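Presented below is the structure to which this report refers.
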Amino acid sequence: MGFAIIIFIRILFGVCMVFIIGYIFGGFSKNPTLVSLTKVAAILAIILFIAANGLLMRFAFSGHANGKAGWQCTEHKMKLP
């Protein structure tokens with residue numbers, strides 16, 4: 001489920017970039033509706049960027065809970081005499 005959310009956020013981020021690039025290099029600045037959508041897309045791009053990084057950090061550090069370090073789990077280490 002977490003992977004699907006990250007993919008969805010990245011797709012929305014890409015769509016926001018299309019609107020922003022269309023405003024800068026295309027003819028989006030001539031249509032008032034597209035101008036307002038581009039303003040929303042610029043704000044949404046910032047929010048999606050922060051959300052994607054937050055989710056990726058959460059999933060990356062979730063293996064460190066309860067004294068476990070993901071693939072370096074302490075239960076499987078060999079005990080020395």
(request) Would you mind getting me the FRET efficiency between S62 and I20? Use the beta-carbon distance for r and R0 = 41 Å, nearest 0.05. (result) 0.80
(request) Mind checking the full-extension length gain between S29 and F3? Use 0.36 nm per residue of separation minus the Cα-Cα distance, one decimal, nm. (result) 5.8 nm
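Only the coordinates and a few stated rules stand behind these numbers; no lab work does. Note that the structure is predicted; figures quoted are calculated from it, not measured. FYI the Cβ positions are ideal-geometry reconstructions off the backbone, even for glycines, and counts take in every protein chain you see.
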